[in-house]
1. For each of 114, 63, count neighbouring Cβ atoms within 10 Å of the residue's Cβ, then give the residues from fewest to most.
2. Which whole-Hz couplings ³J(HN,Hα) result when phi for each residue of segment 96-103 is put into the Karplus expression 6.51 cos²θ - 1.76 cosθ + 1.60, θ = phi - 60°, listed in order with x for Gly and Pro?
3. Applying the Karplus parametrisation 6.51 cos²θ - 1.76 cosθ + 1.60 with θ = phi - 60° to the phi angles of segment 65-80, what ³J(HN,Hα) value in whole Hz is obtained for each residue in order, glycine and proline being reported as x?
4. Work out from phi, with θ = phi - 60° and the Karplus expression 6.51 cos²θ - 1.76 cosθ + 1.60, the ³J(HN,Hα) of each residue of segment 107-114, listed in order in whole Hz, and give x for Gly and Pro.
Amino acid sequence: MRVECYHTRLSGRIAIAPLLSENLADRMNDERHRSASKYQATDLESSDAELIRGCRDGRQDAWDKLVSRYQRLIYAIPRRAGLNDEQAADVFQDVFLTLFEKLDEIEQPEKIRWWIVTTASSRHGR
């Protein structure tokens, strides 16, 4: 099951959670995905604020980088709280959907990591 939500933002469309699928847990546990070095070179080229601005402009590449940058963190928070893989995947999807819905309301995009951690932490108790 691959979950994608689309929303028109200006002239483009952004897939909300393009990486979410049935095998999310498998990918997260896969050693290739444990190596942060694979993502560091490309993901850290843009600041969080730049990525949020890109998402607001409807750029799929900005959204994909944001998902890539924070997917492990968002998935790890509910897993460490004792949720199973399916529940953690639900939190993952909920956090990214909420982020997408609130993109225009984020006043301090440079603090998006804090927002993501707080949102994921509050969602795992639901």
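1. Ranking 114, 63 by Cβ neighbours within 10 Å, fewest first, gives 114, 63.
2. Karplus-based 3J(HN,Hα) across segment 96-103 equals 5, 5, 4, 4, 4, 5, 9, 3 Hz.
3. 5, 5, 4, 4, 5, 10, 4, 5, 4, 5, 6, 5, 4, x, 5, 5
4. Values per residue, Gly and Pro as x: 7, 10, x, 5, 9, 5, 4, 4 Hz.
Values in this text are rule-based calculations from the coordinates and carry no lab data. Computed from a predicted model, the values in this text were never measured in an experiment. Here Cβ is always computed from backbone atoms with ideal geometry, including for glycine, and neighbour counts include all displayed protein chains.
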